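Notes follow once the structure below has been shown.
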Amino acid sequence: MATYNHKKIESKWQKIWQKNDFEIWHADYRAKEPKKYVLDMFPYPSGDGLHVGHVEGYAASDILSRYYRMRGFNVLHPMGWDAFGLPAENYAIKMKTHPRLVVEKNIKNFTKQLRSLGFSYDWQREINTTDPEYYKWTQWIFLQLFNKGLAYEAEVPVNWCLSCKTVLANEEVSNDKCGRCGAAVERKKLNQWMLKITAYADRLLEDLADLNWPEKVVEMQKNWIGRSEGAEIEFPVADSGLKVKVFTTRADTLAGATYLVLAPDHSLISLLDARIRNKNSVNEYIERTKRKSELERISDIKSKTGVELQGLNVINPFTRKEIPIWISDYVLASYGTGAVMAVPAHDDRDFAFAKEFNLPVIQVVSGDGLSGQEKEMKEAYTGEGIMINSGEFNNLPNHIARERIVEFVKGDKKVNYKLRDWIFSRQRYWGEPIPIIKCEKCGNVPVPEKDLPVLLPKVKNYQPTGEAESPLAAIKSWVNVACPVCGGPAKRETNTMPQWAGSCWYYLRYLDSLNKEAMAASVKEKYWMPIDTYIGGVEHAVLHLLYARFWHKVLFDIGAVSTKEPFQKLVNQGLILGSDGQKMSKSRGNVINPDAIIKEFGADSLRLYEMFMGPLEDAKPWQPEGIIGLYRFLGRVWKLISQKSKVKKSLLAGKQEKPDNSAALDRLLHKTIKKVGSDIENFHFNTAISALMILFNEMEHAKSAPLPDGSGNANAPMRKEYMEIFLKLLFPFAPHLAQELWSRLQSNRGSSVKSGQQSGNDGLLDKEPWPQYDEALILESEVELLIQVDGKLRDKILVAKGISQAEAEKIALSQTKIKEIMGDKKAKKIIFVPDRLINIVLL
RNA sequence: GCCAGAGUGAUGAAAUUGGCAAACAUGCACGACUCAAAAUCGUGUGCCGAAAGGCUUGUGGGUUCAACUCCCACCUCUGGCACCA
């Protein structure tokens, strides 16, 4: 008998599925069935090709999609390419070729790889963010942002990557390093295009509540937005008409504010320059701060530095006392007002600073055993409590005093966010041109819609200029245009959009990828949105997922989409680590190449293994020996079911099928149908596969058992119905093998049924309904009752389901084993859990 | 420091509402087949013990007839944020 030939089977079915441009998986919005939109985070088609991490998420979404189709849903499951970005551009610079050619080549390879895995994508909807027909609409959306005042130019301090030679968004920088290349990031001031994401901060925060997302991602977005409610309070500068505004969330502690701290680049310093007595040391400190990197500043968290502005004081508006002004780098110019009132008694940072420079500490909230009578506080008290040392507010709970003190000093309630506006321009070539024309007379003029897309022109040199311009600036014929408003001489914006632009709305383009009139027809958008399930890595928690939500909300506000949020449910697949438990990386040499695995074991084994490894969302190490188990499993499935045809042909007429007698197998079958279905819906693919193995092991066992009449033909065929149901359950996980065996079973229906007529489904499992289970069959008539004595398991008995407590007690107490253990002791109490256990308590 | 998540055999892991800890798979050991090896199949495999039995889910305590599961404290690891006033 032929052994399991995965290569032959997989390429055979991939060819069949490919017919008519994958018509089999093409979804139409006019279908009568209810819809499901199952989306993968589309890949950046890198030169390294597909990673086993991609396969994990894509296998999960494919299983879900195939399952939903069999359940009768109209499933949209598309794929495309997020192809703008630096790696392609850098490679192109190195190889002196056009990035488009690099991208085309990579896409070709990715396509081949994805198809070799048998993923059921609707390839007719394939998109590519670098296709002018696609980025025409990315530019169109930018214009909508511009027209709403949400895209603006500003001179701002930016993160400049010294290696990529471009600015980066705050979200792309971590620990002062470029998130992409790891090189150092420098701060400088540049004129940049900004997107006003802060205008949506509240809605981005509030609407998280309605999403079915992992708690972790929700938390990360909340922290990133960093909403904080407080008040702005003014401190008059003594002997001057000037005032310093501070932001505080603890207005209740105002009486304890014993000094003020300004960020080193606060504007007051230059305004009152003449009155500062220690100008030299102040300037020195300011210079030193500028040179300090973010990393150095963080490592200085515990030890505080600073300089007093001698000659200047402010008046505490509550106590009316004069207090000194300091500057310190622990106060950030970019947050709040760039100035804080320091309350060392109730803030850890202020406390550390006060200790460093011997500044007075005045406790104004008592609590936690601290009454304010202690000679010296050992640390700041940041908890709740009762007001002290605060005049008329004494004895009030501090949260009530907080509101009243704001009123008392005529402060303004204020909400601050950590979220900053999105720095949107990049000084690189391989991105969407920003569709703006700069006219000396008219200013920034949007490119008229009819002129979209603004095509990315060919340049001789992709090398970044290292300046505030992209390589596009060198093409005079492209840059110089007539102003669309006044017709006068004007220049195109030469910066391009960041990598994230294209992925902010790609899920909408899939709905109507060929539309030339709109980004997507409204009728299609209304039918398909929102996305029911979005699967991808957690690394986009505050990048793509925040940016896309922002754009989506803008599109919602202008009526271009009908839902507030794009991604209803989000699932993060965990990292697949190397077999050493470390993150896979080329430098560690622990990278697994999916192509090699497919070649050796087949796509079905790879899919099955990655799903069997453990819970989808967990990080888990790749075990080189692990995949063999799944390969063996599929080999046994092949053997048992393909063998049938041979035996059947050779059997004498009249020989009956194996009755697969046992009600136990029937029960297991129906239990498995139920479990596999609910496990798929809950993303418990590992236990679904384990359930399939248990069922299959039993089927195999039943097959080799002798016939009930004792004839002992261990090779009698298995009941067809069992094998059919098993193959349907296996299909979403291992589609090639299940389909091959299914078609063999169908063609072996024998001469009584003409082939191809049996189901009208072209013999394709995709079109077969998911099996139904019978709840009545799952119920057991007998149950195993556990007998415990003092909570310890001592015996098990088989009893009729629904047995009464009295009966159960009688049986349990009559067991010899139990009698021995009990001796002459009497049961004090008996706990009975129906159909589960009986616990005899002696103690 | 703050936030979130996780600690179960040699390994990946499993365990409806608190109710048989270790399903399923890998690895390993032994056996069958083979001249032999691979592949395949079978048996065994948490720990201690000859057995009876006892012990076991990061540590310590608690609630309960009964705790991997609930509560308290602590330890360790992973991810995120990091002087955000």
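The values are calculated or read from the model by the stated rules, or taken from the named source; none is laboratory data. Just so you know, these numbers come straight off a predicted model, no measurement behind them. Cβ coordinates were reconstructed from backbone atoms using ideal geometry, including for glycine residues, and neighbour counts include every protein chain displayed. Heavy atoms of the whole protein, side chains included, go into the accessibility calculation; ligands, DNA and RNA do not. Shrake-Rupley method; radii C 1.70, N 1.55, O 1.52, S 1.80 Å.
The table below gives the values:
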item	result
Two-site label geometry, A:ASP412 and A:ALA776: point separation in nm, points 7 Å out along Cα→Cβ	7.3
Length released on extending from A:LEU162 to A:ARG636, taking residue separation times 0.36 nm less the Cα-Cα span	165.0 nm
Karplus-derived 3J(HN,Hα), 6.51/-1.76/1.60, for each residue of the range A:579-591, Hz, glycine and proline x	5, 8, x, 9, 4, 5, 7, 4, 5, 7, x, 10, 7
Angle in degrees between helix A:86-95 and the longest Cα principal axis of chain A, rounded to the nearest 10	90
Amide H partners (placed H, <5 Å) of A:LEU842, local residues excluded	A:ASP790, A:LYS828
Straight-distance crosslink candidates among aspartates and glutamates, where the alpha carbon sits under 15 Å from A:LYS188 and sequence neighbours closer than 8 are dropped	A:GLU155, A:ASP176, A:ASP265, A:GLU287, A:GLU294, A:GLU467, A:GLU469
A:ARG836/A:ALA663 FRET efficiency (R0 25 Å; Cβ-Cβ; nearest 0.05)	0.70
Sorted peptide list for A:22-29, A:480-487, criterion being average Cβ within 10 angstrom, highest first	A:22-29, A:480-487
Distant-in-sequence amide H partners of A:VAL158 (H built 1.01 Å from N, under 5 Å)	A:LYS188, A:LYS189, A:LEU190
Carbon and sulfur %, accessible surface of chain A computed with the full protein complex present, 1.4 Å	50
A:ALA474 paired with A:GLN18, simple spin-label distance in nm, labels 7 Å along Cα-to-beta-carbon	4.0
Per residue value of the accessible surface for chain A (all protein chains in place, 1.4 Å probe), Å²	46
Karplus-derived HN-Hα couplings along the range A:538-543 (A = 6.51, B = -1.76, C = 1.60, θ = phi - 60°), whole Hz, x at Gly and Pro	7, 5, 9, 3, 10, 9
Angle between chain A longest axis and helix A:805-814 axis [Cα atoms, degrees, rounded to 10]	70
By average C-beta atoms within 10 angstrom, highest first, the peptides A:603-613, A:630-640	A:603-613, A:630-640
Separation of the A:GLU809 and A:PHE556 label points, Cα + 7 Å toward Cβ, nm	6.0
Whether the range A:255-368 is rounded, prolate or oblate, judged on the alpha carbon gyration tensor where a/c under 1.5 counts as rounded	oblate
Cut-off under 5 Å, modelled amide H: who pairs with A:ALA342 long-range	A:THR258, A:TYR259, A:LEU260, A:VAL261
Beta bridge orientation in chain A: antiparallel %, DSSP, nearest 5	75
Extension gain, A:LYS355 back to A:LYS564 (0.36 nm per residue minus Cα-Cα distance, nm)	70.3 nm
Trypsin sites (Lys or Arg not before Pro) restricted to the range A:393-427 and DSSP loop, no more than 11 other C-beta within 10 Å	A:LYS410
Highest-first arrangement of A:266-272, A:30-36, A:345-351, A:621-627, where packing means the average Cβ count within 10 Å	A:345-351, A:266-272, A:621-627, A:30-36
Sites A:SER585 and A:ASN697 - FRET efficiency at Förster radius 35 Å, r taken between beta-carbons, to 0.05	0.35
Entries of A:LYS675/A:LYS703; A:LYS243/A:LYS304; A:LYS108/A:LYS675; A:LYS36/A:LYS728 with Cα pairs more than 28 Å apart	A:LYS108/A:LYS675
Pairs beyond 18 Å (Cα-Cα), from A:LYS245/A:LYS410; A:LYS148/A:LYS524; A:LYS216/A:LYS414; A:LYS414/A:LYS564; A:LYS94/A:LYS460	A:LYS148/A:LYS524; A:LYS216/A:LYS414; A:LYS414/A:LYS564
Using alpha-carbon coordinates, inclination of helix A:132-147 to the longest axis of chain A, degrees	40
Prolate/oblate/rounded label for chain A (Cα gyration tensor, a/c 1.5)	oblate
Computed lengthening from A:ALA2 to A:LYS826, 0.36 nm per intervening residue step minus Cα-Cα distance	290.1 nm
